[in-house]
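Right, one structure below, let's go through it.
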Amino acid sequence: MSDIVFDASALLALIRGEPGADIVASHLGRAAMSSVNVAEVYGRLLREAFRPEEFRRDIEAIDFKLHSFDAEQAFLAGRLEPATRPLGLSLGDRACLALALSLGVPALSGDRRWAGAEVGVEINLFR
């Protein structure tokens, strides 16, 4: 059972050892992520250094539940667009929020813009 949903910034902070990584790590084993956000992280890591096998192993070794972005997630993310557009949140951000909404758990992000999102999901910031 997941008790929080990580956004891409949470996983990146954990992998890179950035500020707040300790807070992210405290949720391992009980966290979930959308496949959209994992794609974001993997792509960003590959832009920095092209080591696809190594980065995939690194991500797969982290203890979180990976959820596919399915039709339900797509419609939830779309429904969140009008409320999140003024904050500049991306499709990836909305995918994370949609998963948190569907699971009924908070979302964890390092992006302070999320604090103003009123979408029916508790937002926890790790930095």
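A residue that is in contact with a Phe, Trp or Tyr (Cβ under 8 Å, 6 or more places away or on another chain) and under 14 Å from residue 108 (Cα atoms) occurs nowhere in the range 50-58. Of the residues making up the range 112-124, one or more are assigned to a loop (DSSP other than H, G, I, E, B), surrounded by 11 or more Cβ atoms within 10 Å (Cβ to Cβ), β-branched (Val, Ile, Thr) and in contact with a Pro (Cβ under 9 Å, 6 or more places away or on another chain). Scanning the range 85-101 for residues that are within 14 Å of the chain's Cα centre (by Cα) and assigned to a helix (DSSP H, G or I) turns up 91, 92, 93, 94, 95, 96, 97, 98, 99, 100, 101. For the range 1-20, residues that are assigned to a helix (DSSP H, G or I) and either of a type in the set (Gly, Ala, Ser) or touching a strand residue (DSSP E or B) at 6+ places or on another chain (Cβ under 9 Å) (or both) total 6. Picking from residues in the range 1-20 that are in contact (Cβ under 8 Å) with a residue 12 or more places away in the chain and among the small types (Gly, Ala, Ser), the one that is surrounded by the fewest Cβ atoms within 10 Å (Cβ to Cβ) is 20. Of all residue pairs spaced 6 or more apart or on separate chains, those with beta-carbon atoms under 6 Å, a first member in the range 106-123 that is at pLDDT 90 or above and a second member that is of a type in the set (Asp, Glu) are 106/122; 109/7.
Filter the range 90-111 for residues that are of a type outside the set (Asp, Glu) and farther than 19 Å from residue 66 by Cα; which is surrounded by the fewest Cβ atoms within 10 Å (Cβ to Cβ)? Selected residue: 90.
The values are calculated or read from the model by the stated rules, or taken from the named source; none is laboratory data. Note that the coordinates shown come from a computational prediction; the quantities given were computed from them, not determined experimentally. Glycine also receives a Cβ, built like all others from the backbone with ideal geometry; neighbour counts cover every protein chain displayed.
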